[in-house]
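Since every read-out is calculated from the coordinates, none of them should be taken as a lab result. Computed from a predicted structure; not experimentally measured. Positions of Cβ are backbone-derived with ideal geometry, glycine not excepted, and every protein chain shown enters the neighbour counts.
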Amino acid sequence: MGKIITIKNNKGGVGKTFLTTQLASGLALAENKVLILTSDSQNNVFDYLLSGFLEFKNGLKAEVSRKEGEYFRLSKNLYFLPLEDNKFSNQFLKNLPVFLDECREEYDYTIIDSTAILKLDAVFLEKTDSIIIPTYADEVTLKSVINLLKEVDIKKVKAIVTNRYRASQNQKKYYEALKADLKDSPIFISKPINHVSFLENMLDSKKSIWQFSNKTAEQIQEILLDVIEQI
Ligand SMILES: Nc1ncnc2c1ncn2[C@@H]1O[C@H](COP(=O)(O)OP(=O)(O)OP(=O)(O)O)[C@@H](O)[C@H]1O
Ligand SMILES: [Mg+2]
């Protein structure tokens, strides 16, 4: 049976889509069959991993209701089913858990790039096996992480990944505080992923981090491998 993993933080811009796409690409490279789903109808997964003009009409909603979703193949073993919009019928929400069970049979990993769309996310979180939380090392974002840990089933939270890290005094302080706060919990606190300008070029190229062999990319790959071990 495949696993469902949700990348979640209620705050915007912390690296949810970055982490989703790079973890998914890594798992696919290791010969797993991987599907990316999202509760964010901006479908930014496309911006990271697929070049060319993209248009789709039928996504997750059409798939769940009528088996008519368009799956996009992003690379070998890696697929994406985009989300049409944020209007969800009760019928869709009722059928979604059944669809997620089918995903478990079809894919080794289903990875959800989540955003705070309440009813949809509630179903995703209910069905998920693991939650990975990207964050910034600052006060406001870490408060939101603490709130999130109270909202979700904490047993499912496998890792917290500090992203866009600049090793300033201040960020170090918050990163160390996060580690200290959770030192007795089984939640893995990864090494921080630095803020790297290299990612802009990576996005333009639509390649994943695994396709680069420079030192910066390798540092990030190592951290992602540590996270993959937890899921
Ligand atoms: N480690 C990093 N270094 C530099 N830039 C980064 C890093 N991680 C992410 N970014 C950039 O920050 C922006 C936000 O990242 P991303 O889209 O993954 O966040 P998000 O949490 O999915 O945002 P949203 O809430 O809008 O969906 C993107 O332009 C991304 O390329
Ligand atoms: Mg996003």
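Each residue of region 24-34 was assigned a 3J(HN,Hα) from its phi angle through the Karplus curve 6.51 cos²θ - 1.76 cosθ + 1.60 (θ = phi - 60°); the sequence is 4, 5, x, 5, 5, 5, 8, 6, 8, 8, 10 Hz, with glycine and proline shown as x.
Our note on the geometry: Cα centres of region 21-80 and region 154-184, 29 Å apart. If you look at the Cα atoms of region 109-231, you get an Rg and a Dmax of 15.2, 41 Å.
With the highest mean first, a sort of the peptides 33-46, 154-167, 76-89 on other beta-carbon atoms found within 10 angstrom per residue produces 33-46, 154-167, 76-89.
With charges only on Cβ, +1 for K and R and -1 for D and E, what is the dipole size of region 23-123 about its Cα centre, in debye, rounded to 20? Before the final figure, lay out the partial values.
On the way: 11 positive and 16 negative charges, 39 e Å.
In total the dipole reaches around 180 debye.
Once backbone amide H atoms are built at 1.01 Å from N, Tyr79 has Val34, Leu35, Ile36, Leu74 as its partners under 5 Å, excluding neighbours fewer than 5 places away on the same chain. Placing +1 on the Cβ of every Lys and Arg and -1 on the Cβ of every Asp and Glu, with nothing else charged, gives the chain a dipole about its Cα centre of roughly 380 debye.
Ordered by the count of other Cβ atoms within 10 Å of each Cβ, fewest first, Asp184, Asp113 give Asp184, Asp113. Residues in region 215-228 carry Karplus couplings, in order, of 5, 4, 4, 5, 4, 5, 4, 4, 5, 5, 5, 4, 5, 4 Hz; the curve used is 6.51 cos²θ - 1.76 cosθ + 1.60 with θ = phi - 60°, and Gly or Pro positions show x. When the convex hull of its Cα atoms is viewed from all sides, the chain shows a mean projected area of 12.1 nm². Here's how it looks for Val157: its modeled amide H is under 5 Å from those of Ile131, which are all 5 or more places away or on a different chain. Taking Pro134, Pro186, Pro97 as the candidate residues, the one with maximal mean-square fluctuation in a Gaussian network model of the chain, Cα springs under 10 Å, is Pro186. Near Thr162, the amide H atoms lying under 5 Å from its own belong to Thr135, Ser190, Ile193; only residues 5 or more places off or on other chains count, and H is placed 1.01 Å from N.
Using a cut-off of 23 Å between Cα atoms, the listed pairs Lys16/Lys179; Lys61/Lys156; Lys8/Lys215; Lys158/Lys215; Lys87/Lys156; Lys119/Lys156 include Lys61/Lys156; Lys8/Lys215; Lys158/Lys215; Lys87/Lys156 as exceeding that distance.
Could you compute the FRET efficiency for Glu102 and Lys206, with r as their C-beta to C-beta distance and R0 at 45 Å, rounded to 0.05?
Numbers: r = 29 Å, r/R0 = 0.64.
Efficiency at R0 = 45 Å is approximately 0.95.
The distance between label points at Gln219 and Asp85 comes to 4.4 nm (points 7 Å beyond Cα on the Cα→Cβ vector). May I ask which residue of Asn86, Tyr71, Leu54 lies farthest towards the positive end of the charge dipole of region 38-122, with charges of +1 (Lys, Arg) and -1 (Asp, Glu) on Cβ and the Cα centre as origin? Selected residue: Asn86.
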